[in-house]
1. Restricting to the stretch 311-337, name every residue that is surrounded by 17 or more Cβ atoms within 10 Å (Cβ to Cβ) and in contact (Cβ under 8 Å) with a residue 40 or more places away in the chain.
2. Going by the structure shown, is PHE293 without any contact (Cβ under 8 Å) to a residue 40 or more places away in the chain and in the same structural domain as ARG198 (by TED's automatic domain parsing)?
3. Which residue, of LEU237, LEU242, is part of a helix (DSSP H, G or I) and free of Cβ contacts under 8 Å to residues at least 40 places away in the same chain?
4. Output the number of residues of the stretch 186-219 satisfying the condition of being modelled with pLDDT of 90 or more and either among the β-branched types (Val, Ile, Thr) or in contact with a strand residue (DSSP E or B) (Cβ under 7 Å, 6 or more places away or on another chain) (or both).
5. Going by the structure shown, is GLU166 loosely packed, with under 14 Cβ neighbours inside 10 Å, of a type in the set (Asp, Glu), out of contact with any Pro (no Cβ under 7 Å at 6 or more places or on another chain) and closer than 30 Å to ASN225 by Cβ?
6. For the stretch 224-253, give me the residue count where each residue is under 19 Å from ILE185 (Cβ atoms) and at pLDDT below 80.
7. Consider only pairs whose beta carbons are under 8 Å apart and that are at least six residues apart or on different chains; among these, list those whose first residue lies in the stretch 256-279 and is without any contact (Cβ under 8 Å) to a residue 40 or more places away in the chain and assigned by TED's automatic domain parsing to the domain that holds ALA314 and whose second residue is part of a helix (DSSP H, G or I) and of a type in the set (Val, Ile, Thr).
8. Which of the residues spanning the stretch 122-141 are over 20 Å from TYR162 (Cα atoms) and part of a helix (DSSP H, G or I)?
Amino acid sequence: MAKLKTVVDELTTEGYLPAEKRGELAGLLAGEAVGTTWYIQAAVGISAWIAALFIIGFIITGIILTESALAYSVTGLIFIAAAVGIKYLFRRSNFAGQLSLAISLAGQGLFVAGIYLGAESLLSTCLITLLMEATLFLLYPGRLHRFISALIALGAILTLLYGEWEIYEATHGLVILLLSLALLIWSEDSYFVTQGLRSFSRPLGYAATLTLFGLLLPSVIYQINYVKHWWISTLGLLVVGLLFFLYLRFGRNALILSPTLMAAMAGGAIILSLLTWQTPGILASLILLIVGFWRGRRLVWGLAVAFLVFFIGAFYYHLALDLYEKSLILMGSGALLFLARTFFLRQFRPVQEAV
């Protein structure tokens, strides 16, 4: 893979990047120049976690013996403050970054445990956890930590909905909101980068994507049946997906899509939704696969492919058909995919200019 400096040099030489704009990329170029090989970073990270676990283990053992909710909370806040301070003082140190991450996670666990033991209220604990994670998401300058904070915050919301209020059908609204958030972040990724918000948008986007797939897993695990009417999620995902494709055609960074192609994509999405109306994960995976491939986010479309294979396999396995009928469905699906491939290749064939 070409280095960023090489790409920037070639763009400047060929006239695609103005020379004055090169100064705006100085920070990224400097970060690449001082980069360390991955195996050195892995070794340093492992040593930091080992050191952190010993330190944290001794302190937490003493806290547990006190059985004091106040001791849990105060020690947790001290850990969190220490982690943020270490991260700000040693931003370029991999060892300090991993050490501060371990200390922060331990501190968050202690603080939340202290709040729950003291208040004995799930509602209060979840609300305070949300406030804590939102604060850390803004204050702690680390993308991995921000990803974890976003996941914990979403987990607190789910705990409120399922554990405290038992509103299981709220899953459908969350699915629609999370897909909308993920599409907004990944489709406008370049905008967030130019605005200096990449370290905030990408962790949130990955957390929304992963949580979305996690929420859709029960739709193909029939032993988990706390959510009913999965067709609501399918309908919501279909509407969001169609609006997103309209945005691709007429939005700020519009793609050149013919009316025939737009109609084919819309019709295919509607037919797929009708066939898999109780398995919304298939539609969600396809939408995120398209946007991840379009924006060049390998991890996004990699996750989408992995979950798409899982959802399709589970959908096929649970069909109330015999093996002969299932084999006919597989052959028909394969034939349709070949036809779709031929159609899309013709639609995206480059136009020959007249000489």
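The values are calculated or read from the model by the stated rules, or taken from the named source; none is laboratory data. Predicted model, so just to flag it, every value in this text is computed and none were measured. With ideal geometry, Cβ positions are generated from the backbone for all residues, glycine too; neighbour counts draw on all protein chains shown.
1. Selection gives PHE311, ALA314, PHE315.
2. yes
3. LEU242
4. Number of matching residues: 2.
5. Numbers: loosely packed, with under 14 Cβ neighbours inside 10 Å: yes; of a type in the set (Asp, Glu): yes; out of contact with any Pro (no Cβ under 7 Å at 6 or more places or on another chain): yes; closer than 30 Å to ASN225 by Cβ: yes.
When the stated conditions are applied, GLU166 passes them.
6. Counting residues in the stretch 224-253 that are under 19 Å from ILE185 (Cβ atoms) and at pLDDT below 80 gives 4.
7. LEU272/ILE282; SER273/THR234
8. The answer is MET132, ALA134, THR135, LEU136, PHE137, LEU138, LEU139.
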